[in-house]
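J.: Below you will find the structure I want to go over with you.
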Amino acid sequence: MSASSALSALLDDFEDSRRIFRGDPAIAGFIAAVDAGIAEWENTVAAIDAGGDAAVRLDAVSALFALDDAVVAELRTAEDMVRLRVGTASHRLLVGLVGVRKELAKENAPVVAMLRRAVVLGRRSESRWRGSFGRQSAQVDRDLTLEELRVAVRAFVRDLRGLLDLLREQTRLA
């Protein structure tokens, strides 16, 4: 299931009680996380285009949609409340949004894998143990991988923006 279909299903579950969306911190936290993900990927591509080292940006993008400790604590409470069937709509919303973040992390993984591959090929192209042909071949492979990465990042960022547009439209948040 993609993140957009998971979000659509979640929003459809709340068709009758959308008034809770307006001030809910879970929505604001989700929007902030997705905005941060968009910014990190755009900064990563800009840094690579400027001649920066892709390995430096790897840590920043690999854990983009990971849950921090505060969210995990809130999630445990919300899951317990939902499981015991005493949870509010806000609890159900938080559990659903965490599920969408997990889907985003799954969709982020192939793009991060491309970046890792480019980093490995970049190291191979600088290896003294390879002959000049091996280094040149690794450079070509690295450049091709970086171009594929740019295309994949553009598509991923477009999907993230579409996800935010859907959420903002459905929740009527600016």
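J.: Using a Gaussian network model of the chain whose springs link C-alpha atoms within less than 10 Å, name the residue from 156, 133, 65 with the highest mean-square fluctuation.
T.: 133
J.: Where a ≥ b ≥ c are the square roots of the eigenvalues of the C-alpha gyration tensor, would you call the range 38-89 rounded, which needs a/c under 1.5, or, failing that, prolate if a/b is larger than b/c, or oblate? Intermediate values should be presented prior to the final figure.
T.: On the way: a/c = 6.58, a/b = 3.88, b/c = 1.70.
In terms of gyration-tensor shape, prolate.
J.: Here is a further query. Pull out the extension gain between residue 109 and residue 72, defined as 0.36 nm times the separation in residues minus the alpha carbon to alpha carbon distance; nm, one decimal.
T.: Numbers: separation 37, 0.36 × 37 = 13.32 nm, distance 2.06 nm.
Fully extending the segment from residue 109 to residue 72 adds 11.3 nm.
J.: Which FRET efficiency, nearest 0.05, do residue 46 and residue 86 yield, Cβ-Cβ r, R0 30 Å?
T.: The pair residue 46/residue 86 has a calculated efficiency of 0.05.
J.: Using the 2.2 N^0.38 Å rule of thumb for compact globular proteins, work out how the chain stacks up: its C-alpha Rg over that value, please.
T.: Computed over Cα atoms of the chain, the ratio equals 1.26.
J.: About its Cα centre, how strong a charge dipole does the chain have in debye, to the nearest 20, once Lys and Arg get +1 and Asp and Glu get -1 at the Cβ?
T.: The calculated dipole for the chain is roughly 440 debye.
J.: Can you pull the percent of the chain's accessible area that's carbon plus sulfur, 1.4 Å probe, other chains left in place?
T.: Solvent-exposed carbon and sulfur of the chain make up 52 percent of the total.
J.: Give, as a single signed number, the net charge of other residues whose beta carbon lies under 10 Å from the beta carbon of residue 29, with Lys and Arg counted +1 and Asp and Glu -1.
T.: Its environment carries a net charge of -2.
J.: Identify the trypsin sites (Lys or Arg not before Pro) of the range 87-144 meeting these criteria: DSSP loop state and at most 13 other C-beta atoms within 10 Å of the C-beta.
T.: Taking the range 87-144 and a limit of 13 other Cβ atoms within 10 Å, the loop trypsin sites (Lys or Arg not before Pro) found are 128.
J.: Then there's this: For residue 143, what accessible surface area do you get with a 1.4 Å probe? Give it in Å², rounded to 10.
T.: 80
The values are calculated or read from the model by the stated rules, or taken from the named source; none is laboratory data. Note that the structure is predicted; figures quoted are calculated from it, not measured. Every residue, glycine as well, gets a Cβ built from its backbone with ideal geometry; the counts of neighbours run over all protein chains shown. Only protein heavy atoms, including side chains, enter the accessible area calculation; ligands, DNA and RNA are left aside. Shrake-Rupley method; radii C 1.70, N 1.55, O 1.52, S 1.80 Å.
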